[in-house]
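Peer 1: The structure under discussion is supplied below as structure tokens; questions concerning it will follow.
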Amino acid sequence: MSLKLDGKKLSLEIEERLNDYISENKKIAKRAPGLAVIRIGEDPASGVYVSNKQRACSRIGIKSSIFHLEENVEQKEVEQLINKLNSDNDIDGMLLQLPIPKKFDEQKLISHINPSKDVDGLNEINIGKLVKNEPAMRSCTPAGIINLLRSQNISIEGKNIVVIGRSLLVGKPLSLMLLNLNGTVTMTHSKTLNLNKICREADILIAAAGKPNLVDSSFVKEGAVVIDVGIHRLKSSDKSQTRLCGDVLLEDVISKVFAYTPVPGGVGPMTVTMLLVNTIFSWQKQFGLSSTLNDLFP
Ligand code: NAP
């Protein structure tokens, strides 16, 4: 039987550790860790993600502050808010909930975030440090995937790893983190030829293409580990119901794989948990707190 990499279970276990860490260290820091989330406009999915993050923070004792701006604010005003949060001593982490309306220069806004508060790990300073394999904030979804693999002692060193997708959010940082951990990494994308043949070489195959059910059994080597980053809400044929699926056609690959992540309940919960971890890392650094969580650093 193949092994389910249960992100929901692992995220709850990590949250328990984070909760204890905050309770123990609050006496020294004299305040809870603080996370600021900036949301612009009314994208409904963003609303759901922001409240999930808010709930996760309150479960473990992080103080979250939500700044919900109207779509008609100016770029300058958002930059001013970021500058204000950069110099706010009670804020350890800050993120801009994506996507934001097209009229904004997204990269410029992310560049404004102080790298030590950039809990999404998307600022170019943090990306540059990742390239150089230096410690810095690491982006949450890739860091969550590495923790999921580690939780089941699935080694990365020396493994053939194929990543489908090269986005700044997932594919690129993930490939670099795996490379830094001595995996032999192939990054693929929409122009890659013979994708399924390349994927069949993988000991660990990670699908982050954003294409529902792209990966079937023709992509998978017997005994591989398959990680599904994709998340899609599909309508039933009569459009009366919806269900979630990933980039992997799980029913087709499950009998071949050694281990897999489910959708939902795999990578998704780990992404939120790593956001909490990054916020606490920043808090830890500011107050020189104990390093008992350092095994969670990817
Ligand atoms: P993205 O920015 O759209 O990037 C998709 C990448 O996949 C691109 O590099 C694209 O190639 C590549 N691609 C698209 N179709 C392909 C195909 N048929 N064959 C090979 N490569 C293909 O998406 P993203 O932000 O990285 O997200 C990917 C998926 O993960 C989405 O479903 C997203 O919702 C999900 N996601 C989940 C979490 C989570 O926590 N579970 C977090 C983040 C994202 P090109 O570069 O050539 O266009």
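The values are calculated or read from the model by the stated rules, or taken from the named source; none is laboratory data. Bear in mind that the values here come from a model prediction, so they are computed numbers and not experimental data. Counting neighbours? That spans all protein chains shown, and the Cβs are built from the backbone with ideal geometry, glycine included. Keep in mind that these areas ignore ligands, DNA and RNA; they rest on the heavy atoms of the full protein, side chains included. Shrake-Rupley method; radii C 1.70, N 1.55, O 1.52, S 1.80 Å.
Peer 1: Got a number for residues in segment 88-107 being open to solvent by 50 Å² or more (accessible area, probe 1.4 Å), within 15 Å of residue 118 (Cβ to Cβ) and in a loop (DSSP other than H, G, I, E, B)?
Peer 2: Summing the residues that are open to solvent by 50 Å² or more (accessible area, probe 1.4 Å), within 15 Å of residue 118 (Cβ to Cβ) and in a loop (DSSP other than H, G, I, E, B) in segment 88-107 gives 1.
Peer 1: Further, regarding this structure: What is the residue count in segment 187-213 for residues that are more than 20 Å from residue 128 (Cα to Cα), within 14 Å of the ligand (Cβ to nearest atom) and touching a strand residue (DSSP E or B) at 6+ places or on another chain (Cβ under 9 Å)?
Peer 2: Total satisfying the criteria: 17.
Peer 1: A further question follows. Report those strands (runs of 3 or more DSSP E) wholly inside segment 202-268 carrying at least 3 residues which are hydroxyl-bearing (Ser, Thr, Tyr) and open to solvent by less than 60 Å² (accessible area, probe 1.4 Å).
Peer 2: In segment 202-268, there are no strands (runs of 3 or more DSSP E) which contain 3 or more residues that are hydroxyl-bearing (Ser, Thr, Tyr) and open to solvent by less than 60 Å² (accessible area, probe 1.4 Å).
Peer 1: From the list 8, 30, 63, 26, pick out the single residue that is surrounded by fewer than 17 Cβ atoms within 10 Å (Cβ to Cβ) and touching a residue at least 60 places away in the same chain (Cβ under 8 Å).
Peer 2: So the residue among 8, 30, 63, 26 that is surrounded by fewer than 17 Cβ atoms within 10 Å (Cβ to Cβ) and touching a residue at least 60 places away in the same chain (Cβ under 8 Å) is 8.
Peer 1: Any chance you could count how many residues in segment 134-186 are open to solvent by 40 Å² or more (accessible area, probe 1.4 Å), near the ligand (Cβ under 9 Å from one of its atoms) and among the polar types (S, T, N, Q)?
Peer 2: 1
Peer 1: What about residue 218, is it in contact with a helix residue (DSSP H, G or I) (Cβ under 6 Å, 6 or more places away or on another chain) and either away from the ligand (no atom under 11 Å from the Cβ) or without any contact (Cβ under 8 Å) to a residue 24 or more places away in the chain (or both)?
Peer 2: So residue 218 passes the test.
Peer 1: Test each condition in (1) open to solvent by 20 Å² or more (accessible area, probe 1.4 Å); (2) at pLDDT 95 or above; (3) in a loop (DSSP other than H, G, I, E, B) for residue 272 and report the one that comes out false.
Peer 2: Of (1) open to solvent by 20 Å² or more (accessible area, probe 1.4 Å); (2) at pLDDT 95 or above; (3) in a loop (DSSP other than H, G, I, E, B), only one is false for residue 272: (3).
Peer 1: Within the set of pairs 6+ apart or on separate chains, which have a first residue in segment 165-192 that is in a loop (DSSP other than H, G, I, E, B), a second that is more than 6 Å from the ligand (Cβ to nearest atom), and C-beta atoms under 6 Å apart?
Peer 2: 166/172; 166/187; 181/156; 182/157; 183/156; 183/159; 183/161
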